[in-house]
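The values are calculated or read from the model by the stated rules, or taken from the named source; none is laboratory data. No experiment lies behind these values; they were computed from the predicted model shown. Because the Cβ atoms are built from the backbone with ideal geometry, glycine has one as well, and the counts that use them run over all protein chains shown. For accessibility, only protein heavy atoms count, side chains too; no ligands or nucleic acids. Shrake-Rupley method; radii C 1.70, N 1.55, O 1.52, S 1.80 Å.
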Amino acid sequence: MKITQEEEVDRQTVLNIELEDSDLDPYLEMGYRKVAPRLRLPGFRPGKAPRGIVQQYLGKEALLNEVLDTMLPECTDKAIQENNIDAASTPNIELEELDPITFKATIPLRPEITLGTYLDIRLEREDPTVGEEDVQERLDQIRQGMALWEPVDRDVELGDLVTMTAKGTVEEEDIINEENVDYFLDKESVNPFPGFAEHLVGMASGTESEFGIEIPQDFSDTNLAGKTVDFSVTISEIKKQTLPELNDEFAKGVGDGYESLESLTAEIKKDAQEAAATSAKQEYTDSVLNTFLEGVTIAVAPVMINHEVDHMLGERSRVLAQMNIRVDDYLRSIGQTEDAMREEMREEAESRIKRTFALTNLAEEEGLEISDEEIDTRIESIRESNSGNPENLPVQPEFTEEMRETVRRMLLSEKTIDRLL
């Protein structure tokens with residue numbers, strides 16, 4: 001294997017690699033084993049033709065093409081080791097020629113990073129408070145969930161639930177045609193259009209009203225923006241919401257039931273305090289971490305940023321696939337090209353890399369390590385949360401070394417953030 005290394009630029013280096021015949025032999029054998037079972041040669045059963053005959057029939061390049069995805073990364077790893085290069089992540093490999101096999105590997109080096117004066121960071125931690133208004137707000141939410149809708153004999157008011165038949169036309173074309181649908185009159189509602197609810201106020205059951213609504217210029221549907229919708233609405237029933245009284249009977253009907261309103265209120269306050277404490281801790285953690293990262297300077301290889309962007313795009317594609325949305329359709333809906341999306345993601349990709357390496361360097365600076373016992377404890381916790389009590393399982397699932405390494409990195413990140421706090 002002939003290797004020449006270019007000068008380091010932007011925290012990455014390039015290896016130009018040419019493979020010799022001695023390098024190719026194991027990969028020719030691998031390619032032969034892949035292609036032989038599919039090949040039909042006169043006088044030989046499938047998979048039994050000697051490699052020399054198969055290679056003569058197909059050509060050396062055809063066998064190597066079968067294993068390029070394995071051969072190039074493996075040979076690049078050997079070249080990296082031979083040249084003692086501290087690679088930080090996956091290289092970018094470009095095949096240049098097939099005869100002889102020549103390719104270029106762009107290798108990201110460990111980012112150059114300075115942590116800054118992180119020991120000088122001092123941020124105040126605010127103690128979370130839960131007021132009576134917070135408890136009352138939660139009680140009101142529960143009351144809303146237990147409220148009853150009862151028919152009333154009066155004109156429509158905001159906050160009512162009406163049963164209506166509605167027809168809406170734009171330029172004599174029907175865009176809404178609903179019969180006997182329930183509609184809640186919320187002043188802030190923009191459904192179906194801003195101001196619709198107010199036009200129903202004052203109507204009586206069994207009456208019809210006609211009115212027009214001008215659609216805003218910034219409406220999401222550009223085909224309707226700026227036009228007027230002519231409505232014809234008939235109200236067939238009006239209902240008013242009746243909230244339950246806040247008393248012991250109300251409390252007994254909530255969830256599993258409480259002994260009294262006092263016990264329900266106490267539980268709500270306790271839950272609110274716990275939620276506030278969790279939220280305050282997360283906000284403080286984010287503030288400390290962001291302040292720490294503001295003081296960090298880092299130089300990252302462009303190829304590493306590109307790999308992270310590829311990873312982020314892959315994540316987005318998987319999410320869209322789960323929702324049965326094609327990437328092309330999604331890009332069209334947001335008016336963006338794939339190149340523009342990649343460029344938009346570069347800043348976030350660099351931010352992710354900065355956080356990862358900053359915390360890794362901080363752990364090294366502070367001498368933080370994770371023991372096998374800590375890993376075992378977390379694995380047992382994962383098993384219990386995933387499958388109940390593991391002692392009742394006939395076979396314990398085994399964690400591979402790769403999985404243990406993932407757990408170790410997770411624990412080290414948690415311990416590093418705890419140290420920073």
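In region 1-26, the qualifying residues are those that are free of Cβ contacts under 8 Å to residues at least 40 places away in the same chain and more than 30 Å from GLY47 (Cβ to Cβ), and the one that is surrounded by the fewest Cβ atoms within 10 Å (Cβ to Cβ) is GLU7.
If I ask for residues that are charged (D, E, K, R), part of a loop (DSSP other than H, G, I, E, B) and open to solvent by 70 Å² or more (accessible area, probe 1.4 Å), which ones from region 39-78 would you list? Correct list: ARG40, ARG45, LYS48. Condition first: among the polar types (S, T, N, Q) and in contact with a helix residue (DSSP H, G or I) (Cβ under 9 Å, 6 or more places away or on another chain). Can you find one or more residues in region 362-376 that meet it? Checked region 362-376: no residue is among the polar types (S, T, N, Q) and in contact with a helix residue (DSSP H, G or I) (Cβ under 9 Å, 6 or more places away or on another chain).
Any residue at all in region 27-36 that is free of Cβ contacts under 8 Å to residues at least 24 places away in the same chain, open to solvent by 60 Å² or more (accessible area, probe 1.4 Å) and over 28 Å from PRO108 (Cα atoms)? Explain how you work it out, then say what you get.
So in region 27-36, the residues free of Cβ contacts under 8 Å to residues at least 24 places away in the same chain come out as 29, 33, 36.
With the extra rule that they be open to solvent by 60 Å² or more (accessible area, probe 1.4 Å), the set shrinks to 33.
When the remaining residues are screened for being over 28 Å from PRO108 (Cα atoms), the result is 33.
Looking through region 27-36, at least one residue is free of Cβ contacts under 8 Å to residues at least 24 places away in the same chain, open to solvent by 60 Å² or more (accessible area, probe 1.4 Å) and over 28 Å from PRO108 (Cα atoms).
Mind telling me which of the residues VAL319, VAL288 ends up being part of a helix (DSSP H, G or I) and under 30 Å from TYR118 (Cβ atoms)?
Working: VAL319 fails: under 30 Å from TYR118 (Cβ atoms).
Going through VAL319, VAL288 in turn, just one is part of a helix (DSSP H, G or I) and under 30 Å from TYR118 (Cβ atoms): VAL288.
If you filter region 159-190 down to residues that are among the β-branched types (Val, Ile, Thr) and open to solvent by 60 Å² or more (accessible area, probe 1.4 Å), you find that the one that is nearest to ASP230 (Cα to Cα) is ILE175.
In region 145-158, how many are under 43 Å from the mean Cα position of the chain (by Cα), surrounded by 11 or more Cβ atoms within 10 Å (Cβ to Cβ) and not hydrophobic (A, V, I, L, M, F, W, C)? So that I can check it myself, show each step before the final result.
Residues of region 145-158 that are under 43 Å from the mean Cα position of the chain (by Cα), as a first pass: 145-149, 157-158.
Still in the list and also surrounded by 11 or more Cβ atoms within 10 Å (Cβ to Cβ): 146-147, 149, 157-158.
Those still in the list that are not hydrophobic (A, V, I, L, M, F, W, C) too: 157.
Residues flagged as under 43 Å from the mean Cα position of the chain (by Cα), surrounded by 11 or more Cβ atoms within 10 Å (Cβ to Cβ) and not hydrophobic (A, V, I, L, M, F, W, C) within region 145-158 amount to 1.
Would you check if GLY195 is on the phi > 0 side of the Ramachandran plot, open to solvent by 50 Å² or more (accessible area, probe 1.4 Å) and within 37 Å of the chain's Cα centre (by Cα)? Criteria not met by GLY195.
Remark: ALA321 matches the filter, which requires a residue to be out of contact with any Leu (no Cβ under 6 Å at 6 or more places or on another chain) and either free of Cβ contacts under 8 Å to residues at least 40 places away in the same chain or over 19 Å from LYS354 (Cα atoms) (or both). Cβ-Cβ contacts under 6 Å between residues 6 or more apart (or on different chains), taken from a first residue in region 210-224 that is part of a strand (DSSP E or B) to a second residue that is open to solvent by less than 100 Å² (accessible area, probe 1.4 Å) and not polar (S, T, N, Q), are listed as PHE211/HIS199; PHE211/PHE231; GLY212/ASP230; ILE213/PHE193; ILE213/GLY195; ILE213/VAL229.
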